[in-house]
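The values are calculated or read from the model by the stated rules, or taken from the named source; none is laboratory data. Computed from a predicted structure; not experimentally measured. Ideal geometry is used to build each Cβ from the backbone, glycine not excepted, and the neighbour counts take in all protein chains shown.
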Amino acid sequence: MLDWALTFAFACFGVGLLFNLYRIARAPAVPDRILALDTMVINVIALLVLYGIRTGSGINFEAAMLFAMTGFVSTVAYAKFILRGDIIE
């Protein structure tokens, strides 16, 4: 039963990644692309955690934490760049 649920979750998050890629390519404005990129980071984190559950490895959870921190910082930096034109004041 757990294998079926994990497979279904992998498929759902994979489809979500495809929708995010479409939104990044076809978004009407830059803020929409930023939100799609941030959502894409969240979906990749979910896939890393699901893979860690499937394999029973704890290293994937640490990788997910590193990816979450990097994704958050990059999203904030990109939004600040779009808003002000520079990152470092």
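A few comments on the model shown:
- For the range 24-48, residues that are farther than 16 Å from Ala79 by Cβ and in a helix (DSSP H, G or I) total 8.
- Matching residues, the range 8-23, being without any contact (Cβ under 8 Å) to a residue 40 or more places away in the chain, of a type in the set (A, V, I, L, M) and farther than 20 Å from Val76 by Cα: Ala11, Val15, Leu17, Leu18
- Residue match in the range 10-21 (condition: surrounded by fewer than 14 Cβ atoms within 10 Å (Cβ to Cβ), over 13 Å from the mean Cα position of the chain (by Cα) and of a type outside the set (S, T, N, Q)): yes
- Selected residue (criterion: surrounded by the fewest Cβ atoms within 10 Å (Cβ to Cβ)) from residues of the range 36-70 that are charged (D, E, K, R) and in contact (Cβ under 8 Å) with a residue 12 or more places away in the chain: Arg54
- Filtering the range 24-35 to residues that are among the hydrophobic types (A, V, I, L, M, F, W, C), surrounded by 15 or more Cβ atoms within 10 Å (Cβ to Cβ) and free of Cβ contacts under 8 Å to residues at least 24 places away in the same chain leaves Ile24, Ala27, Leu35.
- The range 53-85, residues that are at pLDDT 90 or above and aromatic (Phe, Trp, Tyr): Phe61, Phe67, Phe72
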